[in-house]
1. Net charge within 10 Å of PHE107 by Cβ-Cβ distance, Lys/Arg positive one each and Asp/Glu negative one each, not counting PHE107 itself?
2. Rounded to the nearest 500, what is the 222 nm mean residue ellipticity of the chain from helices alone, with -39500 (n - 2.57) per DSSP H run of 4+ residues and division by all residues?
3. Calculate the dipole size of the chain relative to its Cα centre from +1 charges on Lys and Arg beta carbons and -1 charges on Asp and Glu beta carbons; express the result in debye to the nearest 20.
4. Would you mind checking which residues have amide H under 5 Å from ALA7's amide H? H placed 1.01 Å from N; only 5 or more apart, or other chain.
5. For region 4-124, what is the convex hull volume of the alpha-carbon atoms per residue, in Å³?
6. Would you work out the relative contact order for region 4-124, in percent, from Cα pairs under 8 angstrom that are 6 or more residues apart?
7. To make sure I understand the rule: partners must be lysines, Cα under 25 Å from the Cα of LYS44, and not fewer than 8 residues away in the same chain. Which ones qualify?
Amino acid sequence: MAVREVAVVRLDEKKSKFYAHLYEIDSVEDVAEIREMHDRLYKKAAHHCYAMVCGSASDSRADGEVGSPGRALAEVMERNNLGSHVLMVSRIFGGIKLGPAGVARAFREAGAGAVAEYMKTRKQL
């Protein structure tokens, strides 16, 4: 398994912290490794939501979070034509509820920020 982190962004929204990481992957099995990394990295995070595209396989997970953030992350990846990537966002709850729409928006913004950072570094190469 070869997982390469290509971008990281942090978004603060009403005291919650959203850590968005974009990874290049070689296989669908890499998602489990990335999830374990996020469990260790963000021990206080209640949710690790992601979207993944690898070859013809695609998946997204909300990890029990409201507002379908996995789907929002999948839309970010689709809009940017990312294949063989995982976009994972870990949320550390700050005590203020965002509601389903606010949660989806925050995950989308964090994910889009990581993708934008990646695209910016790709253009520089």
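Just so you know, all these numbers are worked out from the coordinates, no wet-lab data involved. Just so you know, these numbers come straight off a predicted model, no measurement behind them. Methodologically, a virtual Cβ is constructed for each residue, glycine included, from the backbone with ideal geometry; neighbour enumeration extends over all protein chains shown.
1. Result for the local shell: +1.
2. -13000 deg cm²/dmol
3. Rounded to the nearest 20 debye, it is 640 debye.
4. When sequence neighbours closer than 5 places are left aside, the close amide H contacts are LEU22.
5. 90 Å³
6. Contact order relative to length: 35 percent.
7. LYS14, LYS15, LYS17, LYS97
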